[in-house]
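Peer 1: Questions regarding the structure given below will be posed in turn.
The values are calculated or read from the model by the stated rules, or taken from the named source; none is laboratory data. Because the structure is predicted, anything quoted here is derived from the model rather than measured. With ideal geometry, Cβ positions are generated from the backbone for all residues, glycine too; neighbour counts draw on all protein chains shown. The area values use the complete protein model at the heavy-atom level, side chains included, leaving out ligands, DNA and RNA. Shrake-Rupley method; radii C 1.70, N 1.55, O 1.52, S 1.80 Å.
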Amino acid sequence: MPFISVFDVLGPNMIGPSSSHTAGACVIAFLARKMLGSKPKKVEFVLYGSFAKTYKGHGTDRALLGGLMGFGTDDVRIRDSFDIAKKKGIEYKFTPNSEVTDIHPNTVDVCMEDEKGKRVTVRGESLGGGKVRIVKIGEVDIDFSGEYSALILVHKDRPGMIAYITKILCEHSINIAFMKLYRESKGNKAYTIIESDEPIQNTVKDDLYKNEYISQVMIVQ
Amino acid sequence: MDFSNAKKLLELCDSNGMSISEVMKQREYDEGTSSKEEIIKKMRRVLEIMRNSATTPVNTPMKSMGGLIGGEAKKLNDYSQEKKNIGGAVLSKGITYAVAVLECNASMGLIVAAPTAGSSGVVPGLLLAMQDVYSFSDEKVIDALFASGAIGYLAMRNATVAGAVGGCQAEMGVASAMAAAGAVELMGGTPAQSLDAASTVLMNMLGLVCDPVGGLVEYPCQNRNASGVANALVATDMALAGITQLIPFDEMLETMYLVGKRMPVELRETALGGCAVAPSACNACGICG
């Protein structure tokens with residue numbers, strides 16, 4: 001059983017009103033931004049289930065936009081995130097989707113585009129108590145919580161990739177707590193997600209990019 | 001130092017001559033990753049946020065995002081300022097603070113979930129009111145928060161604090177039990193009395209359903225935070241008067257959990273039953289139409 005801290009009971013410190021609809025939404029967008037890895041210029045949030053029904057009253061929209069701008073769940077600027085986003089020149093849109101129903105009730109797709117036109121779409125689920133799960137990046141089903149330092153790699157699906165990646169991590173003394181592999185199809189784009197107990201230094205990125213088959217390295221922590 | 005139920009907590013208190021808060025602090029230090037100084041510093045921050053959220057709306061009323069609440073804390077404060085209140089000073093201040101925290105929460109202010117956002121007014125409501133009336137130091141109130149935390153931890157570990165799983169009795173019931181245990185320790189009661197008070201609260205709030213109008217954390221949540229303070233106060237006075245409970249806390253927690261699991265889904269935070277479907281509530285909400 002994982003340790004339950006007194007600050008899990010008296011906490012989280014959060015902007016209200018709801019740990020799932022406000023704090024959790026903020027965390028999903030915060031992680032999505034890290035996965036984009038650059039400054040978002042345009043964003044569309046597609047809301048499903050209970051998110052689609054109650055997002056205004058729960059401030060889910062403000063929390064999502066705040067998270068996208070890097071605000072934490074206890075950041076009082078969340079309330080003013082519409083104005084702040086406008087000042088930063090970020091175009092945003094919220095689209096409730098009530099047609100898709102076979103989905104976790106608190107689900108959101110974060111569709112981002114940066115200044116150079118790079119697009120990334122991330123799907124997240126808010127599980128309650130501020131805990132979340134990222135379940136999709138692009139068209140690929142994945143699963144990570146953001147509770148650990150994570151390294152997300154996009155690379156070609158070919159022999160030796162994992163050996164190369166783990167060798168680099170070994171050289172940087174990074175202990176792998178969890179590791180998951182996903183791919184779009186055989187021989188094409190693949191994703192490796194590595195979660196670690198320790199913070200991951202940016203210098204790891206440079207070494208990983210030396211491999212011609214690694215197209216993107218994202219550090220989410 | 002760790003404990004998995006209230007019986008073991010009580011044994012630890014008795015064999016080491018410690019209060020519940022001392023055991024809970026030691027547990028956090030032994031089992032967690034923070035230093036003793038960091039633990040106290042974090043709890044000091046918890047108290048600071050609690051105090052801001054409990055006092056700001058009293059002077060500066062805030063309209064909720066869903067529009068169902070706002071201004072209740074100021075009304076209660078004005079009323080007791082005019083000395084019209086029937087309940088005593090602790091109850092009057094306690095319910096004022098409790099509704100204030102919910103006002104703050106519902107208008108996207110900063111709060112501490114205790115144990116949840118929807119029930120975040122009860123613990124600060126009662127403890128801050130007692131501090132005002134009896135002039136307790138912050139250190140004493142911080143200790144009481146650790147004692148409250150012990151009850152919440154046991155509820156999270158052995159039952160649930162989620163309205164979607166166990167109804168409002170799991171959220172407000174546990175919050176109120178936490179407040180009662182902290183209040184007993186603050187008044188110099190024994191660990192056994194704290195646990196008896198917590199048991200009494202769960203008994204008195206058993207079966208309470210979670211039925212938020214429009215699915216929002218506003219109404220009846222705010223009213224229930226006030227009633228959570230009152231229930232905690234009743235249980236605290238009973239325990240300190242020397243009344244012991246037939247059903248110990250561990251059994252009462254299990255009872256609450258079993259009742260929660262038997263609740264129909266309509267009465268567990270889905271807004272499909274209870275107050276949420278009363279005609280006036282449906283008219284005010286307008287989400288379905």
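Peer 1: Under the condition of being of a type in the set (V, I, T) and part of a strand (DSSP E or B), which residue from the range A:94-118 is farthest from A:I134 (Cα to Cα)?
Peer 2: For the range A:94-118, the residue satisfying everything is A:T95.
Peer 1: From B:V184, B:V217, B:V201, which residue is part of a loop (DSSP other than H, G, I, E, B) and crowded, with 24+ Cβ neighbours inside 10 Å?
Peer 2: Within the list B:V184, B:V217, B:V201, the selection yields B:V217.
Peer 1: Can you tell which of B:V23, B:V46, B:V90, B:V99 is of a type in the set (A, V, I, L, M, F, W, C), within 10 Å of chain A (Cβ to nearest Cβ), touching a Leu at 6+ places or on another chain (Cβ under 7 Å) and on the phi < 0 side of the Ramachandran plot?
Peer 2: Being of a type in the set (A, V, I, L, M, F, W, C), within 10 Å of chain A (Cβ to nearest Cβ), touching a Leu at 6+ places or on another chain (Cβ under 7 Å) and on the phi < 0 side of the Ramachandran plot holds for just one of B:V23, B:V46, B:V90, B:V99, which is B:V46.
Peer 1: Something else about it: From the list A:F71, A:F45, A:F82, A:F51, which one is at pLDDT 95 or above, within 26 Å of B:T270 (Cα to Cα) and of a type in the set (F, W, Y)?
Peer 2: The unique qualifying residue is A:F45.
Peer 1: Could you please let me know if A:K53 is in a helix (DSSP H, G or I) and either open to solvent by 20 Å² or more (accessible area, probe 1.4 Å) or touching a residue at least 24 places away in the same chain (Cβ under 8 Å) (or both)?
Peer 2: Yes, satisfied.
Peer 1: Report, by residue number, each residue of the range B:70-102 that is more than 23 Å from B:A180 (Cβ to Cβ), assigned to a loop (DSSP other than H, G, I, E, B) and either in contact (Cβ under 8 Å) with a residue 40 or more places away in the chain or open to solvent by 20 Å² or more (accessible area, probe 1.4 Å) (or both).
Peer 2: Within the range B:70-102, B:G70, B:E82, B:K83, B:K84 meet the criteria.
Peer 1: Among the numbered criteria (1) at the interface with chain A (Cβ under 10 Å from one of its Cβ atoms); (2) without any contact (Cβ under 8 Å) to a residue 24 or more places away in the chain, which single criterion is violated by B:G188?
Peer 2: (1)
Peer 1: So is A:E115 of a type in the set (D, E) and out of contact with any strand residue (DSSP E or B) (no Cβ under 8 Å at 6 or more places or on another chain) or not?
Peer 2: When the stated conditions are applied, A:E115 does not pass them.
Peer 1: Take the residues in the range B:103-115 that are farther than 14 Å from A:S19 by Cβ and in a helix (DSSP H, G or I), then tell me which one is nearest to the other protein chains (Cβ to nearest Cβ).
Peer 2: Filtering first and then ranking leaves B:C104.
Peer 1: Against the conditions (1) more than 10 Å from chain A (Cβ to nearest Cβ); (2) over 24 Å from the mean Cα position of the chain (by Cα), where does B:K41 fall short? Just the number, please.
Peer 2: (2)
For (1) without any contact (Cβ under 8 Å) to a residue 24 or more places away in the chain; (2) at the interface with chain A (Cβ under 10 Å from one of its Cβ atoms), each residue gets a yes or a no:
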| site | (1), (2) |
| --- | --- |
| B:L128 | no, no |
| B:E139 | yes, no |
| B:I142 | no, no |
| B:F146 | no, yes |
| B:A150 | no, yes |
| B:G167 | no, no |
| B:M172 | no, no |
| B:M178 | no, yes |
| B:A183 | no, no |
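Peer 1: Condition check: more than 14 Å from every other protein chain (Cβ to nearest Cβ), among the aliphatic types (A, V, I, L, M) and under 21 Å from B:Q131 (Cβ atoms). Does B:V201 satisfy that? Can you show your working first?
Peer 2: Numbers: more than 14 Å from every other protein chain (Cβ to nearest Cβ): yes; among the aliphatic types (A, V, I, L, M): yes; under 21 Å from B:Q131 (Cβ atoms): yes.
So B:V201 passes the test.
Peer 1: Which numbered condition in (1) within 14 Å of chain A (Cβ to nearest Cβ); (2) in a loop (DSSP other than H, G, I, E, B); (3) of a type outside the set (S, T, N, Q); (4) on the phi < 0 side of the Ramachandran plot is the only one that B:L246 fails?
Peer 2: (1)
Peer 1: Which numbered condition in (1) open to solvent by 20 Å² or more (accessible area, probe 1.4 Å); (2) more than 14 Å from chain B (Cβ to nearest Cβ); (3) touching a residue at least 60 places away in the same chain (Cβ under 8 Å) is the only one that A:P40 fails?
Peer 2: Only one criterion is unmet by A:P40, namely (1).
Peer 1: Based on this model, can you work out whether A:K116 counts as assigned by the TED database to the domain that holds A:G16 and in contact with a Ser or Thr (Cβ under 8 Å, 6 or more places away or on another chain)?
Peer 2: Yes: the conditions hold for A:K116.
Peer 1: For the subset of the range A:97-124 comprising residues that are surrounded by 16 or more Cβ atoms within 10 Å (Cβ to Cβ) and within 14 Å of chain B (Cβ to nearest Cβ), which member is nearest to the chain's Cα centre (by Cα)?
Peer 2: A:N106
Peer 1: What residue, among those in the range A:67-88 that are within 13 Å of chain B (Cβ to nearest Cβ), touching a Phe, Trp or Tyr at 6+ places or on another chain (Cβ under 9 Å) and not aliphatic (A, V, I, L, M), is surrounded by the most Cβ atoms within 10 Å (Cβ to Cβ)?
Peer 2: Here the residue is A:S81.
Peer 1: Cβ-Cβ distance below 8 Å, separation of 6 or more or different chains: which pairs start in the range A:174-194 with a residue that is at positive phi and end on one that is open to solvent by less than 90 Å² (accessible area, probe 1.4 Å) and not in a strand (DSSP E or B)?
Peer 2: Pairs that qualify, where the first residue is at positive phi and the partner is open to solvent by less than 90 Å² (accessible area, probe 1.4 Å) and not in a strand (DSSP E or B), are A:G187/A:D157.
Peer 1: Hey, can you tell me all the residues within the range B:9-53 that are β-branched (V, I, T) and surrounded by 13 or more Cβ atoms within 10 Å (Cβ to Cβ)?
Peer 2: Result: B:I20, B:V23, B:I39, B:I40, B:V46, B:I49.
Peer 1: For the range A:120-149, give me each residue that is of a type in the set (D, E, K, R) and within 28 Å of A:S5 (Cα to Cα).
Peer 2: Residues satisfying the conditions are A:E125, A:K131, A:R133, A:D143, A:E147.
Peer 1: Taking the options A:A32, A:A85, A:A63, name whichever one is in a helix (DSSP H, G or I) and under 25 Å from B:V99 (Cα atoms).
Peer 2: A:A63
Peer 1: Could you list, in sequence order, the residues of the range B:126-152 that are over 19 Å from B:A235 (Cα atoms) and open to solvent by less than 10 Å² (accessible area, probe 1.4 Å)?
Peer 2: B:I142
Peer 1: Give the residues of the range A:1-23 that are without any contact (Cβ under 8 Å) to a residue 24 or more places away in the chain, hydrophobic (A, V, I, L, M, F, W, C) and either open to solvent by less than 10 Å² (accessible area, probe 1.4 Å) or at the interface with chain B (Cβ under 7 Å from one of its Cβ atoms) (or both), sorted by residue number.
Peer 2: A:F3, A:I4, A:V6, A:F7, A:V9, A:L10, listed by residue number.
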